[in-house]
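J.: Structure provided below as structure tokens; questions to follow.
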Protein chains: 4
Amino acid sequence: MAFSFPAFKAPDFGKPPLCYAPRVRTEKAPDRGVAPANYHATSNFPEYLHLGKGEWVLVPESRMDCVLVLRGGRPAATEFRRLRKGDPVVMGRTENGEEGIFVHTDGFESAPDKFTDKFSFRARGTRETPFSRSYDALYDLMRFDRDRGYIVWVLGPAVAFDKDSRDAMQGLIENGYCHALLAGNALATHDLEAARFRTGLGQDIYTQAPRRMGHYHHLDILNAVRSHGSIRRTLRELRLRDGIMAACERKKIPYVLAGSIRDDGPLPEVIPDVYAAQDAMRAHARKATTVIAMATQLHSIAFGNMVPSYRVEKGGAVRPVYFYVVDISEFSVDKLANRGSSQATAVVTNVQDFVVNLWKHLVEE
Amino acid sequence: MAFSFPAFKAPDFGKPPLCYAPRVRTEKAPDRGVAPANYHATSNFPEYLHLGKGEWVLVPESRMDCVLVLRGGRPAATEFRRLRKGDPVVMGRTENGEEGIFVHTDGFESAPDKFTDKFSFRARGTRETPFSRSYDALYDLMRFDRDRGYIVWVLGPAVAFDKDSRDAMQGLIENGYCHALLAGNALATHDLEAARFRTGLGQDIYTQAPRRMGHYHHLDILNAVRSHGSIRRTLRELRLRDGIMAACERKKIPYVLAGSIRDDGPLPEVIPDVYAAQDAMRAHARKATTVIAMATQLHSIAFGNMVPSYRVEKGGAVRPVYFYVVDISEFSVDKLANRGSSQATAVVTNVQDFVVNLWKHLVEE
Amino acid sequence: MAFSFPAFKAPDFGKPPLCYAPRVRTEKAPDRGVAPANYHATSNFPEYLHLGKGEWVLVPESRMDCVLVLRGGRPAATEFRRLRKGDPVVMGRTENGEEGIFVHTDGFESAPDKFTDKFSFRARGTRETPFSRSYDALYDLMRFDRDRGYIVWVLGPAVAFDKDSRDAMQGLIENGYCHALLAGNALATHDLEAARFRTGLGQDIYTQAPRRMGHYHHLDILNAVRSHGSIRRTLRELRLRDGIMAACERKKIPYVLAGSIRDDGPLPEVIPDVYAAQDAMRAHARKATTVIAMATQLHSIAFGNMVPSYRVEKGGAVRPVYFYVVDISEFSVDKLANRGSSQATAVVTNVQDFVVNLWKHLVEE
Amino acid sequence: MAFSFPAFKAPDFGKPPLCYAPRVRTEKAPDRGVAPANYHATSNFPEYLHLGKGEWVLVPESRMDCVLVLRGGRPAATEFRRLRKGDPVVMGRTENGEEGIFVHTDGFESAPDKFTDKFSFRARGTRETPFSRSYDALYDLMRFDRDRGYIVWVLGPAVAFDKDSRDAMQGLIENGYCHALLAGNALATHDLEAARFRTGLGQDIYTQAPRRMGHYHHLDILNAVRSHGSIRRTLRELRLRDGIMAACERKKIPYVLAGSIRDDGPLPEVIPDVYAAQDAMRAHARKATTVIAMATQLHSIAFGNMVPSYRVEKGGAVRPVYFYVVDISEFSVDKLANRGSSQATAVVTNVQDFVVNLWKHLVEE
């Protein structure tokens, strides 16, 4: 099947009110990490700035809840904490050009089947929402973005606790369906625990049987990696070949392991400073075309807030960025929407099934 | 793969204390539907009664929360409401032979990997429990029981709301993996709605798009079936061929549609009296060897309470009855256990994925 | 505090398009329990029918998913199953007067604080939604409707499993805050179990401790009530004084116990035929001004579908009917909305806390 | 009511097998942050080490998943990452004295009501578990530990999103029921947002109404605090008086705000390095006698893993440490148990109700 994106349509800046919009205004950041009052904060929609004389520029590599800094005349979405004193910060809180800012919420053509009955059922997505098409669309998207996009996976540890899903994730990485992996200490630790002991927190990842003294397993592998100095060296020294981390190392897929206060160990690769970790994650957010966030509320929302709904490609074409959030809990999915990342496609299911399904369709068949 | 059950081992009635156990005692039911005080109530474990002189008999076709009546010298597990005045009811509340009753909790050989660390992780089953082996074991079991057992499906309406899972369920029925179907008015109605309109409660079962005036769909199909007088006739008259009910009719699979206070319509086949519905369901519980209960707390617990953990086959061999409960909520699964049906194997996931997985492994491959 | 309802504003039938609307049309029901094709089905909004010459009448005692029958020239919302052959059924599926039917979705004045930012957080209600005002509004409403309305409680068994919440519910009934109680066999059984044994399914309702042979408790109380012939007589014979059922009997509060396929026993008062149970519930739906549905998805949705969003009082004034659904699961609350009962106010919490809160504010203080 | 703890009983070291136990053995840490293979890892139970000649010492200020270092002949539970090269690490993985280590799982006297029926209901705690006694016990405990213990609260942001619960938390702090507060950037930010704007993420914390441009509120308060340099100074400059952070500052209650990758801002007080944050949290874990962890899976599990089940008081008496985890999701509660913190008392409810209940009983009455 030929895969195609919904077309993007830029606003018509030649018409009122946009043709009358003033030039965007900036003020200098009063201090390091501090914005001037009445700064403009970004959404996750495409936003245009009027630079004067009818020149509107679309903010590239955007993200929500940032300020816009005009560096060299070009806007950049910047975290408050990264502001330098004197940075020219875009001002204004209007959205329709009143202050030279236009928030473009309906740039991508949408389905023609919208209508409104006064009374209807099933307006909200839940476990009972049909997911057949969500899967089919994702299969097509993955095949496309495997070669022409940048697929980022955001993983909670659950995917490493089950044999089939861990195998499936390994297979997807090995077959090109993952360009970057974002996770925490736990995912990597339990994946390595499984490689070494075939357990997750001491429980056999196939039979569910608890192992004797299995509560030592994750500590032992953490200690081993700390002793060897790196995941890569540990894999080699202990001849561990299967699993998610082994596939990433073998295929040279970059990964970011962000630290958290729950961490044991941690692994040497884990970034202890959460804002350094944010920066490392944002580097992938700038490139992402498809994101699949599974079974981790913390990382899903963190990355969801970093990823814009669109991407400006080389040559200037604008395409959507797809964000799939996969979780067994409606609350986790709603929470992402309630934190502003409303463009996400939710699949309410167990991630074990989800990732095995993807592997079967994309790799096995 | 050669499939085999865990062996069943009867108690050794020749040893103390069982060799000293008195004969079981009965008292007459004082009234219709009323048991004598101090009646014995059944569990879902194998229970033996001492009929005297060392003759112990295993209760056949048992179920929990019933009384045992000795009719013609043979015990039968009987609902309180089905007691007739004067029925000889087994008395006593001890479990180790003190009153001639033995509850046999460990008749089936269990895994040899039991041990106890003082400290361990992951004692409770949740969404993070690995399900790879649960699936594999179920595939084997289904292949076995397809030809040599009696597979009962207990379905909530969700399975009809999604195209792929509805197709999968149809395929499983058509290929012999369903010997009886238990559900409510909603499952049948929305399956027929999908056959007629390709919607569930007005929402397209593939695209998720709501249809204009879609809230009429389930009422229209209900009215149509009521007008035609039966599901079978409606399928024929409206030339509806796909779906769960069509497959059941075509393959002559018996189904029980139990009424509930949530029903619209209802369909003519629905049993309005819930105790008549219980009786109809119990008829299948007596034969069941494998049960898969999906996405319906009401029907799962109702049927879970009817199904014993074992079945006495012709010839007297005793085999386990397998009960899989599939639900996205830990609470639903725990609730089944908290109502006494502790032998159930839980799979915590979206039933859409579950049933498609089964179909892929059992039918497609 | 003076409590007041939002004012209701009837449509202006003198203006286009309503002033040009044709008279509503009927067709005869072709058979018992069958509507003519193209029947009009009700929503839970106020609906007006044009009876000719500018006379529009508001459907009284409405409910969703019914047909409208013009009996004696007056419309009545009637379940399909209650149609008699030849009944004149209102026809048409338009909502703005095209066929003489007007669905009035915004009759009650709403809050003036509506607006739309392009980007915002927290559009969906979850456990994190603030409930302080929901409680305060409910306290006022309960005080008002205690004397001037009709408060219906719909209860799942959980409220009887905990000492404080059971006491609280008893206190609310005794103090006039309950005009009718809708529940199932389980609520009544476990409330009586608690009165007799201080347990719920064998677990102490205060200490959580399981009692030896506690799994007999609910069967024993069921057997006792069946033996005595009624709840009322059992309370007297066994001198049971506390609890929900005792309070209802003492205060002569009507209750409906609807049967379900999960029932043990059942209690003699339980209605085995679910459609007879629906009729008994609907009798209360016709009078209800405030409904509180707690911890029962089955009964909440069943009753939610029966209760309209408005009530026509003697004299013709129209007031809102308030429907509170209290459940710990977002899914249960969403499900009610997804089944059409969108006017419900959700409180996502444990019903134990909820009912104790109500009791403290309404009774204790 | 006189509050009393369950008595603690030390093991009898004069009896076999403990009287024959060898002296505990140590090996030197081979590198910084690395333990020798076969190290002993701690549980959250009381653990005794045999230092020779019958001298057994109880590990003070323990925590799970650490190693034990014998510094100056006294054991200290130390995180792997804090090991220095050459530290003498306790060796061995046996629990009954075989290597001089004894894990004491039943030191505190337990309830006398333990027994085992072969068949029973309700073995697992859920939303349907009765919580009346859990509340009553907690009220007593809080009154006791207010003056003689150390009460640590672990808070997710939800408690700041609702007016009544935020007021209640403020009241509990002001009345001495909080000795330390552990949270993240979000809790503090949204509490300050409420103090400044009366909103949480832009939604009114009383009326639920979204405010125009409310999505700027949390960014504005973050920017304000960053501009003023500290929470304390911001409270003074902006004259903010109500809320959780204001109460902490006024009462000089220490708080730890641990950074996470989800943070906007962050507030200046937030600790960016998660392991530095762990150390700051552990300082409170060493003193804690009662912990209440609400609505935060991340912080609850993090702190749950740091807090032992017992505390050695001055003078050597041993008392239990109480850990309440309050969450609306059974999964969150189970997850804490599945990560080893099995001694926690769960209350499955909305934290809004929980904290208001505490305030009412402890402060208002």
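J.: Give the residue, chosen from B:184, B:156, B:176, B:149, that is touching a helix residue (DSSP H, G or I) at 6+ places or on another chain (Cβ under 7 Å) and closer than 15 Å to residue B:290 by Cβ.
T.: Working: B:184 fails: closer than 15 Å to residue B:290 by Cβ; B:156 fails: closer than 15 Å to residue B:290 by Cβ; B:149 fails: touching a helix residue (DSSP H, G or I) at 6+ places or on another chain (Cβ under 7 Å).
B:176 is the lone residue from the list that is touching a helix residue (DSSP H, G or I) at 6+ places or on another chain (Cβ under 7 Å) and closer than 15 Å to residue B:290 by Cβ.
J.: Name the residue, out of C:351, C:326, that is free of Cβ contacts under 8 Å to residues at least 40 places away in the same chain, within 14 Å of chain D (Cβ to nearest Cβ), surrounded by 24 or more Cβ atoms within 10 Å (Cβ to Cβ) and not small (Gly, Ala, Ser).
T.: C:326
J.: Return the residues of the range A:17-44 that are in contact with a Leu (Cβ under 9 Å, 6 or more places away or on another chain), within 21 Å of residue A:305 (Cβ to Cβ) and small (Gly, Ala, Ser); say none if nothing qualifies.
T.: If the condition is that a residue be in contact with a Leu (Cβ under 9 Å, 6 or more places away or on another chain), within 21 Å of residue A:305 (Cβ to Cβ) and small (Gly, Ala, Ser), then A:33, A:35, A:41 are the ones that fit.
J.: A further question on this structure: Just to verify a result, which residue in the range B:124-163, among those that are open to solvent by 40 Å² or more (accessible area, probe 1.4 Å) and facing another protein chain (nearest Cβ under 7 Å), is modelled with the lowest pLDDT? Give the derivation first.
T.: Taking the range B:124-163 as the starting set, the residues that turn out to be open to solvent by 40 Å² or more (accessible area, probe 1.4 Å) are B:124-125, B:127, B:133, B:136-137, B:143, B:146-148, B:163.
Still in the list and also facing another protein chain (nearest Cβ under 7 Å): B:124, B:127, B:133, B:163.
On the way: B:124: 71, B:127: 88, B:133: 92, B:163: 97.
Among them, the one singled out is B:124.
J.: While we're on this one: Of the conditions (1) out of contact with any strand residue (DSSP E or B) (no Cβ under 6 Å at 6 or more places or on another chain); (2) among the acidic types (Asp, Glu); (3) within 14 Å of chain D (Cβ to nearest Cβ), residue B:95 fails just one. Which one is it?
T.: (1)
J.: Scanning the range A:208-247 for residues that are open to solvent by 40 Å² or more (accessible area, probe 1.4 Å) and at pLDDT below 95, which turns out nearest to the chain's Cα centre (by Cα)?
T.: Applying the filter and picking the extreme gives A:208.
J.: Tally up the residues in the range A:290-323 that are facing chain D (nearest Cβ under 10 Å) and either hydrophobic (A, V, I, L, M, F, W, C) or touching a strand residue (DSSP E or B) at 6+ places or on another chain (Cβ under 8 Å) (or both), please. Even if it seems obvious, please write down each step before you answer.
T.: Of all residues in the range A:290-323, those facing chain D (nearest Cβ under 10 Å) come to A:297-306.
Next, only the ones that are either hydrophobic (A, V, I, L, M, F, W, C) or touching a strand residue (DSSP E or B) at 6+ places or on another chain (Cβ under 8 Å) (or both) stay: A:297-304, A:306.
Residues flagged as facing chain D (nearest Cβ under 10 Å) and either hydrophobic (A, V, I, L, M, F, W, C) or touching a strand residue (DSSP E or B) at 6+ places or on another chain (Cβ under 8 Å) (or both) within the range A:290-323 amount to 9.
J.: Can you work out which of the residues in the range A:274-284 that are surrounded by fewer than 22 Cβ atoms within 10 Å (Cβ to Cβ) and at the interface with chain D (Cβ under 9 Å from one of its Cβ atoms) is nearest to residue A:234 (Cα to Cα)?
T.: A:276
J.: Further question: Collect the residues in the range C:153-168 that are closer than 21 Å to residue B:335 by Cβ and aliphatic (A, V, I, L, M), keeping them in residue-number order.
T.: C:154, C:155, C:158, C:159, C:160
J.: OK, next. Determine if the range B:164-183 includes at least one residue that is surrounded by fewer than 19 Cβ atoms within 10 Å (Cβ to Cβ) and within 19 Å of the chain's Cα centre (by Cα).
T.: So far as the range B:164-183 goes, yes, one or more of its residues are surrounded by fewer than 19 Cβ atoms within 10 Å (Cβ to Cβ) and within 19 Å of the chain's Cα centre (by Cα).
J.: In addition: Which numbered condition trips up residue B:359, out of (1) more than 19 Å from residue A:354 (Cα to Cα); (2) open to solvent by 20 Å² or more (accessible area, probe 1.4 Å)?
T.: That leaves (1) as the condition not met.
J.: While we're on this one: Can you tell me which of C:290, C:296 is under 22 Å from residue C:138 (Cα atoms) and in contact with a helix residue (DSSP H, G or I) (Cβ under 6 Å, 6 or more places away or on another chain)?
T.: C:290
J.: Determine whether residue A:108 is surrounded by fewer than 19 Cβ atoms within 10 Å (Cβ to Cβ), of a type in the set (A, V, I, L, M, F, W, C) and more than 10 Å from chain C (Cβ to nearest Cβ).
T.: Working: surrounded by fewer than 19 Cβ atoms within 10 Å (Cβ to Cβ): yes; of a type in the set (A, V, I, L, M, F, W, C): yes; more than 10 Å from chain C (Cβ to nearest Cβ): yes.
Considered against the rule, which asks whether it is surrounded by fewer than 19 Cβ atoms within 10 Å (Cβ to Cβ), of a type in the set (A, V, I, L, M, F, W, C) and more than 10 Å from chain C (Cβ to nearest Cβ), residue A:108 comes out as yes.
J.: For the range D:187-200, give me each residue that is within 11 Å of another protein chain (Cβ to nearest Cβ), touching a helix residue (DSSP H, G or I) at 6+ places or on another chain (Cβ under 7 Å) and either open to solvent by 10 Å² or more (accessible area, probe 1.4 Å) or farther than 18 Å from residue A:65 by Cα (or both). Reasoning before the result, please.
T.: Pass one, the range D:187-200, residues within 11 Å of another protein chain (Cβ to nearest Cβ): D:190, D:194, D:198-200.
Next, from what is left, pick out any that are touching a helix residue (DSSP H, G or I) at 6+ places or on another chain (Cβ under 7 Å): D:190, D:194, D:199-200.
Residues satisfying the conditions are D:190, D:194.
J.: Is it true that residue D:257 is at pLDDT 95 or above, of a type outside the set (Lys, Arg) and part of a helix (DSSP H, G or I)?
T.: When the stated conditions are applied, residue D:257 does not pass them.
J.: Does the range A:4-48 hold any residues that are within 14 Å of chain C (Cβ to nearest Cβ) and in a strand (DSSP E or B), and which are they?
T.: Let us first name the residues in the range A:4-48 that are within 14 Å of chain C (Cβ to nearest Cβ), namely A:11, A:40-48.
Matches in the range A:4-48: A:41, A:47, A:48.
J.: If you don't mind, another one. Report every pair of residues separated by at least 6 positions or lying on different chains whose Cβ atoms are under 7 Å apart, first residue within the range B:285-308 and open to solvent by 10 Å² or more (accessible area, probe 1.4 Å), second modelled with pLDDT of 95 or more and among the aromatic types (Phe, Trp, Tyr).
T.: Pairs that qualify, where the first residue is open to solvent by 10 Å² or more (accessible area, probe 1.4 Å) and the partner is modelled with pLDDT of 95 or more and among the aromatic types (Phe, Trp, Tyr), are B:287/B:150.
J.: Could you go through the range D:52-64 and let me know if any residue there is in contact (Cβ under 8 Å) with a residue 24 or more places away in the chain, in contact with a Phe, Trp or Tyr (Cβ under 7 Å, 6 or more places away or on another chain), at the interface with another protein chain (Cβ under 9 Å from one of its Cβ atoms) and at positive phi.
T.: no
J.: Right, something else. Before we move on, is residue D:333 of a type in the set (A, V, I, L, M, F, W, C), touching a Phe, Trp or Tyr at 6+ places or on another chain (Cβ under 6 Å) and farther than 21 Å from residue D:67 by Cβ?
T.: No, not satisfied.
Yes/no matrix, rows are residues, columns are (1) at the interface with chain B (Cβ under 10 Å from one of its Cβ atoms); (2) free of Cβ contacts under 8 Å to residues at least 60 places away in the same chain:
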| residue | (1), (2) |
| --- | --- |
| C:230 | no, yes |
| C:243 | no, no |
| C:246 | no, no |
| C:253 | no, no |
| C:257 | no, no |
| C:263 | yes, no |
| C:272 | yes, yes |
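The values are calculated or read from the model by the stated rules, or taken from the named source; none is laboratory data. Note that this is a predicted model, so its numbers are computed, not measured. We place every Cβ from the backbone using ideal geometry, glycine too, and count neighbours over all the protein chains shown. Accessible surface areas use protein heavy atoms only, side chains included; no ligands, DNA or RNA. Shrake-Rupley method; radii C 1.70, N 1.55, O 1.52, S 1.80 Å.
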